[in-house]
Ligand code: AMP
Ligand code: FE
Ligand code: FE
Ligand code: ZN
């Protein structure tokens, strides 16, 4: 049975509740899913309860943005449980830094004549961790842009007029914190690193040496050639070729839980490989 190890709920910048995502996963015939909301584990308990009822296995997780010289690195951390721990304790600070940044984004927009109240962004996020997609959605709803992609292209994306950096962990620090907290760090959708496919292997080698567990290879937006290329790098470096849809509900059109744009199929053997890495001695 296939799996999906990259899913966002309304606890961050997805639009479905955690339990709804588990229902979608059960409906899609998935054996295992990982909920990977940005900077938070707030959806895990709800997802786990639903998963127990529906016979789906839930792996707890989160997705971090970390510093990387040439672009944006997102890091999925699997098996990170809610509660306290070296990485868990940092998440609240990252969310706080987002609040400062969100206000600055709104300031930038207002300098360009687009006035959005912070309370409206909070309402759009419905109590979840606020991210740019919530602001993008308001830009669409209010007719400033036609769709979410245009909101990023015109205003919110890197280098655009309302783009504001936010606080990030360093990649090495994030790996060390993840491992010290019982988590397994995996690089998400490596295309955002801003390097060519031929440069991936070199970039991952050093991180593998300090405990990187895997690379998201079966990513919904990748063609088969890129998926195979990344899985090949994983084989060469002893990493796990994970995969997922990066489902965000209504905020990312055209993606479905488990199948992405229709052609995604992440084999459950990657979960076995992750499990094996988790327990020392079982590799
Ligand atoms: P943030 O975490 O606030 O920096 O926002 C990043 C999130 O915005 C990503 O996780 C995606 O969900 C979304 N995103 C980034 N770029 C785009 C884009 N070009 N179109 C649509 N959504 C995007
Ligand atoms: Fe997101
Ligand atoms: Fe991401
Ligand atoms: Zn994601």
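A short reminder: the numbers here are calculations on the coordinates, not readings from a lab. As the structure is a prediction and not an experimental result, all values here were calculated from the model. As a convention, Cβ positions derive from the backbone with ideal geometry for all residues, glycine included, and neighbour counts pool all protein chains shown.
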Of the listed residues (38, 27, 6), the one being within 13 Å of ligand 1 (Cβ to nearest atom) and under 22 Å from residue 267 (Cβ atoms) is 6
Helices (runs of 4 or more DSSP H) (entirely within region 93-159) containing at least 2 residues that are touching a helix residue (DSSP H, G or I) at 6+ places or on another chain (Cβ under 7 Å), within 16 Å of ligand 4 (Cβ to nearest atom) and closer than 16 Å to residue 10 by Cα: 132-141
Return a yes/no flag: does region 195-207 have any residue that is surrounded by 14 or more Cβ atoms within 10 Å (Cβ to Cβ), over 20 Å from the mean Cα position of the chain (by Cα) and under 21 Å from residue 97 (Cα atoms). no
Every residue from region 26-40 that is more than 12 Å from the chain's Cα centre (by Cα) and either within 16 Å of ligand 4 (Cβ to nearest atom) or in a loop (DSSP other than H, G, I, E, B) (or both): 28, 29, 30, 31, 33
Could you tell me how many of the residues in region 97-155 are in contact with a strand residue (DSSP E or B) (Cβ under 6 Å, 6 or more places away or on another chain) and more than 25 Å from residue 16 (Cα to Cα)? 0
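Conditions tested, residue by residue: (1) farther than 29 Å from residue 179 by Cβ; (2) in contact (Cβ under 8 Å) with a residue 40 or more places away in the chain; (3) more than 16 Å from the chain's Cα centre (by Cα).
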{"residue": "75", "(1), (2), (3)": "no, yes, no"}
{"residue": "86", "(1), (2), (3)": "no, yes, yes"}
{"residue": "92", "(1), (2), (3)": "no, no, yes"}
{"residue": "119", "(1), (2), (3)": "yes, no, yes"}
{"residue": "145", "(1), (2), (3)": "yes, no, yes"}
Only one of these is over 25 Å from residue 124 (Cα atoms) and either part of a loop (DSSP other than H, G, I, E, B) or more than 16 Å from ligand 2 (Cβ to nearest atom) (or both): 14, 83. Name it. 83
Is it true that residue 196 is in contact (Cβ under 8 Å) with a residue 40 or more places away in the chain and more than 16 Å from ligand 3 (Cβ to nearest atom)? no
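Being in contact (Cβ under 8 Å) with a residue 24 or more places away in the chain, farther than 19 Å from residue 62 by Cβ and not in a helix (DSSP H, G or I) is the requirement here; does residue 187 meet it? Let's see the steps before the verdict.
Working: in contact (Cβ under 8 Å) with a residue 24 or more places away in the chain: yes; farther than 19 Å from residue 62 by Cβ: no; not in a helix (DSSP H, G or I): yes.
When the stated conditions are applied, residue 187 does not pass them.
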Take residue 254 and decide whether it is in a loop (DSSP other than H, G, I, E, B) and touching a helix residue (DSSP H, G or I) at 6+ places or on another chain (Cβ under 6 Å). no
Consider only pairs whose beta carbons are under 7 Å apart and that are at least six residues apart or on different chains; among these, list those whose first residue lies in region 148-164 and is in contact (Cβ under 8 Å) with a residue 60 or more places away in the chain and whose second residue is near ligand 1 (Cβ under 8 Å from one of its atoms) and outside any loop (DSSP other than H, G, I, E, B). 148/133; 148/136; 148/251; 164/101
Just one listed residue, out of 169, 156, is buried (at least 17 other Cβ atoms within 10 Å of the Cβ), within 22 Å of residue 104 (Cβ to Cβ) and under 16 Å from the mean Cα position of the chain (by Cα), and it is 169
